Amino acid sequence: QVQLVESGGGLVQAGGSLRLSCAASERTFSRYVMGWFRQAPGKQRDFVAAISQDSSTYYADSGKGRFTISTDNAKNTVYLQMNSLKPEDSAIYYCAAGLRWVPATPGLYNYWGQGTQVTVSS
């Protein structure tokens with residue numbers, strides 16, 4: 001069982017930046033695909049970004065050029081650096097871990113965090 005704990009959310013003005021963190025309990029963290037998803041009120045959970053076990057990355061079109069996913073295996077942590085934030089980026093952001101590289105498919109992630117709220121004001 002992998003436990004994931006997100007942090008780093010908050011309120012930021014449009015154009016600002018946030019860095020989300022997701023700490024994993026699993027010491028073999030590097031064996032997992034790590035993904036970030038987000039869900040706004042009344043909407044489905046959408047894929048944001050993912051990083052594979054060999055550090056390949058994949059981004060949703062909405063975040064390309066603005067978001068960067070990275071990992072620190074020594075700290076069992078995955079990060080999502082978000083720049084040039086827009087009001088439409090406001091959502092609860094979830095971290096997820098899985099074993100298969102099908103990055104945009106939430107059903108293939110085995111473990112999920114509780115989420116962290118990101119609010120971007122205009």
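Observations, loosely collected:
- Any pair with Cβ under 7 angstrom, 6 or more apart, that starts in the stretch 88-104 at a residue that is more than 19 Å from Q1 (Cα to Cα) and ends at one that is of a type in the set (G, A, S) and in a strand (DSSP E or B): P103/G35; P103/A50
- Selection status of A24, touching a Leu at 6+ places or on another chain (Cβ under 7 Å) and more than 15 Å from G10 (Cα to Cα): yes
- Of all residues in the stretch 8-45, those being modelled with pLDDT of 95 or more and polar (S, T, N, Q) number 5.
- Output for the stretch 84-103, where each listed residue is open to solvent by 50 Å² or more (accessible area, probe 1.4 Å), of a type outside the set (D, E, K, R) and in contact with a Gly (Cβ under 9 Å, 6 or more places away or on another chain): S84, I92
- Residue in the stretch 78-86 that is within 26 Å of V12 (Cα to Cα), of a type in the set (S, T, Y) and in contact with a helix residue (DSSP H, G or I) (Cβ under 9 Å, 6 or more places away or on another chain) present: no
- Among residues of the stretch 67-78, those that are touching a Leu at 6+ places or on another chain (Cβ under 8 Å) and open to solvent by less than 30 Å² (accessible area, probe 1.4 Å), counted: 2
- Looking only at the stretch 17-38, and only at residues there that are part of a strand (DSSP E or B) and free of Cβ contacts under 8 Å to residues at least 60 places away in the same chain, the one that is nearest to K86 (Cα to Cα): S21
- Residue count for the stretch 44-56, restricted to those that are out of contact with any Leu (no Cβ under 8 Å at 6 or more places or on another chain) and either surrounded by 14 or more Cβ atoms within 10 Å (Cβ to Cβ) or touching a residue at least 40 places away in the same chain (Cβ under 8 Å) (or both): 8.
The values are calculated or read from the model by the stated rules, or taken from the named source; none is laboratory data. These figures come from a predicted structure and were not determined experimentally. Methodologically, a virtual Cβ is constructed for each residue, glycine included, from the backbone with ideal geometry; neighbour enumeration extends over all protein chains shown. These area figures cover heavy atoms from the full protein model, side chains too; ligands, DNA and RNA do not enter into them. Shrake-Rupley method; radii C 1.70, N 1.55, O 1.52, S 1.80 Å.
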